[in-house]
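Here is the structure we will look at.
The values are calculated or read from the model by the stated rules, or taken from the named source; none is laboratory data. Just so you know, these numbers come straight off a predicted model, no measurement behind them. Cβ sites come from the backbone with ideal geometry, for glycine too, and all protein chains shown count toward neighbours.
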Amino acid sequence: VYKAKIRPKDRPETDTHVEFGGASVDAKTGAIIATYGGQDATTHFTNNADATGAQVGSTWKPYVLAAAMQYGVRDPSRGPVQSNSERTQVSQESIYNGDDGLRIRDYTGKIWLNENDEEWRQTNDGNYDYGEIDLRTAMEKSANSPFVQLGMDVGPDKVKDVAVASGLRDDDFMADATVPSFSIGTSSPSAIRMAGSYATFATSGQQNDTYSVTEVKKGGEVVFQHKKKPKRAFSPDIADNVTDVLKNVVENGTGTPAQLEGREAAGKTGTTDGNRSAWFVGYTPQISTAISMFRLDDDETNKKREFLKMFGTGGEKKIHGASFPASIWHDYMTGAMKGKKAISFPEPKDLGDVVWGGGAVSPSPTPSPTPSPTPSEEPPPSPTPTQTTPTPPSPTPTRTCS
């Protein structure tokens with residue numbers, strides 16, 4: 001991709017300092033299978049696979065969904081610290097407001113103000129208005145506003161807890177978990193950590209620490225041997241529901257460039273504000289792989305260096321996780337999975353309740369009328385009044401974006 005698309009001589013303003021990072025792990029053990037740290041280790045002295053600093057963007061949204069399923073949204077009439085029994089476990093079919101510029105509120109309904117005492121209005125990529133949208137489709141489209149509000153309803157601290165439980169470290173450049181933007185990926189862990197974390201979804205919630213050294217010998221004697229210590233991050237039902245949603249992202253959403261022929265794959269794209277980094281993190285039942293892309297001056301002596309914008313990089317108007325990162329993921333995984341059995345993900349079980357949040361209005365169910373019986377030889381029984389909740393139609397964006 002770099003040789004074919006990135007041309008620093010022809011496009012110095014947009015194609016200089018372009019970097020990629022990649023890491024792939026065995027989902028069932030955490031063993032690091034492969035890493036990509038940069039083009040040339042003799043001139044590039046940072047291992048991009050293990051480097052932190054590039055925000056992960058929307059690849060963080062699965063943690064928000066998992067937290068909503070693990071802990072549930074809070075009761076607005078109670079205090080901020082609530083037990084699971086006081087909360088409502090959330091289904092992937094829950095409906096949230098997907099409008100661009102949505103006023104974000106805390107779990108009690110109070111409008112959130114930023115550090116300048118201004119209303120927090122959450123934008124969507126391309127300024128799309130999705131209207132009322134279920135969480136499954138919101139993940140597919142990578143709508144921001146539903147997940148920011150969902151994160152506030154659950155509590156950003158609980159989102160952080162899920163991310164850490166899945167394998168990320170609390171010190172992995174974890175962003176401020178008290179503000180709304182935490183839920184859309186202002187944290188910046190490495191590709192290795194993200195690959196290991198997503199592997200926890202692939203294994204139905206069983207978390208394994210990533211590792212690269214299996215054994216160390218000294219004079220023929222084993223002085224170190226890696227011992228697998230799996231931990232239960234969350235229940236299989238939660239992990240499998242998240243996987244089902246992420247599988248839909250690859251099949252029908254922003255992750256379609258990552259589709260693998262004849263295999264199921266699940267994953268999520270990530271693009272950040274200012275277009276300073278882009279990601280694709282995804283997995284099959286056997287392998288989890290993370291790909292990052294960013295622009296950063298390689299000169300570490302430059303104390304003022306910062307992540308650069310990627311508008312126009314590679315000839316693209318804007319770099320998304322669905323562009324170069326997803327394409328690289330696809331090409332690598334096609335080779336990595338060669339010869340391996342095609343395995344399906346577990347079928348998810350229904351869990352949680354359909355919650356209406358972010359200002360989305362739950363329709364009031366109306367009992368079906370009971371008709372008066374009409375004379376006949378065998379009058380049919382009067383129907384029992386039922387309640388029906390209409391399924392909202394798929395949202396149609398009111399604006400377009402390339």
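One residue is enough: does the stretch 2-16 have a residue meeting the conditions closer than 30 Å to Asp209 by Cα and hydroxyl-bearing (Ser, Thr, Tyr)? No; the residues of the stretch 2-16 include none that is closer than 30 Å to Asp209 by Cα and hydroxyl-bearing (Ser, Thr, Tyr). Entry remark, the stretch 288-305: residues being closer than 29 Å to Ser166 by Cβ and either buried (at least 24 other Cβ atoms within 10 Å of the Cβ) or free of Cβ contacts under 8 Å to residues at least 12 places away in the same chain (or both) number 7 in total.
Evaluated against (1) free of Cβ contacts under 8 Å to residues at least 12 places away in the same chain; (2) within 13 Å of the chain's Cα centre (by Cα), Lys141 falls short on exactly one condition, (1). Consider Gly151 carefully, then state whether it is buried (at least 20 other Cβ atoms within 10 Å of the Cβ), touching a residue at least 40 places away in the same chain (Cβ under 8 Å) and at positive phi. Considered against the rule, which asks whether it is buried (at least 20 other Cβ atoms within 10 Å of the Cβ), touching a residue at least 40 places away in the same chain (Cβ under 8 Å) and at positive phi, Gly151 comes out as no.
Counting only strands (runs of 3 or more DSSP E) that sit wholly inside the stretch 250-340, those with at least 1 residues that are aromatic (Phe, Trp, Tyr) are 277-283, 287-295.
Looking only at the stretch 102-118, decide whether some residue is in contact with a Lys or Arg (Cβ under 9 Å, 6 or more places away or on another chain) and either at pLDDT below 95 or of a type in the set (Gly, Ala, Ser) (or both). No, the stretch 102-118 contains no residue that is in contact with a Lys or Arg (Cβ under 9 Å, 6 or more places away or on another chain) and either at pLDDT below 95 or of a type in the set (Gly, Ala, Ser) (or both). When residues in the stretch 344-361 are screened for being in a loop (DSSP other than H, G, I, E, B) and either loosely packed, with under 12 Cβ neighbours inside 10 Å or in contact with a helix residue (DSSP H, G or I) (Cβ under 7 Å, 6 or more places away or on another chain) (or both), 11 of them pass. Checking the stretch 274-287 against the condition returns no match, with no residue being crowded, with 24+ Cβ neighbours inside 10 Å, touching a Leu at 6+ places or on another chain (Cβ under 7 Å), touching a residue at least 40 places away in the same chain (Cβ under 8 Å) and closer than 25 Å to Ile6 by Cα.
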